Amino acid sequence: MRRTPNFFKCTECSTLVEALNPQCCDEMSCCGKPMEKLHPNLSGELSVKHLPVIKRSGSTLTVCVGRILHPMTSEHCIKWIELVGNGFEKRINLKCGDDPIVTFHISEHERALSVYAYCNIHGLWRSSLEI
């Protein structure tokens, strides 16, 4: 069964945390304050440059962030892209100057996948692929 990851951000130092236990509480703290639980954006006016676009060919999954590629400057960039499937998670970290395009190799039998992308300014975004 595909789990839904929980992501949290510190409002003081911008640290990001992913709770690995699905039964994790909805509250975490950092810098002596509660962390903000992030809820993925699924659509909206910013989705053209932020929503992951998923293309599958057999066991290869290519993910581009945005129908118009997201900028990758030091001020505004995608920090990572994470693939979540049935019993697995794969994350690729990106850095300024990289293209926001990644490739994952998966089993050809995977039918339900979610892809998360994190923008340092506009937060968490998610797309899903159901075959």
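Largest first, the three principal axis extents of the alpha carbons in the chain are 47, 35, 25 Å in whole numbers. Within a straight-line Cα-Cα reach of under 21 Å, residue 79 can be paired with the following lysines, leaving aside sequence neighbours fewer than 8 residues apart in one chain: 9, 37, 49, 55, 90, 95.
For the chain, the relative contact order works out to 24 percent when only alpha carbon pairs closer than 8 Å and six or more residues apart are counted.
Exposed loop sites were defined as GluC sites (Glu not before Pro) in DSSP loop states (anything but H, G, I, E or B) carrying at most 14 other C-beta atoms within 10 Å; in the chain the longest segment without such a site runs 76-107. Neighbours of residue 131, meaning other residues whose beta-carbon lies under 12 angstrom from its beta-carbon, give a summed charge of -1 when Lys and Arg score +1 and Asp and Glu score -1. Net length available on complete extension from residue 48 to residue 16 is 9.1 nm, with 0.36 nm assigned per residue and the Cα-Cα distance removed. Applying the criteria of a DSSP loop state and at most 16 other Cβ atoms within 10 Å to the trypsin sites (Lys or Arg not before Pro) of the stretch 38-131 yields 67, 95, 111.
Each Cα pair under 8 Å and six or more residues apart adds its separation to the average, and for the stretch 3-43 the resulting relative contact order is 43 percent.
Only Cα pairs under 8 Å and 6+ residues apart enter the sum, and on that basis the relative contact order of the stretch 54-131 stands at 33 percent. Using the Cβ of residue 119 as centre and a radius below 10 Å, the other residues enclosed give a net charge of +2, where K and R count +1 and D and E count -1.
Every read-out reported here was derived from the displayed coordinates using simple, explicitly stated rules and does not represent laboratory data. Bear in mind that the values here come from a model prediction, so they are computed numbers and not experimental data. When we count neighbours, we look across all protein chains shown, and the Cβ atoms used for this are built from the backbone with ideal geometry, even at glycine.
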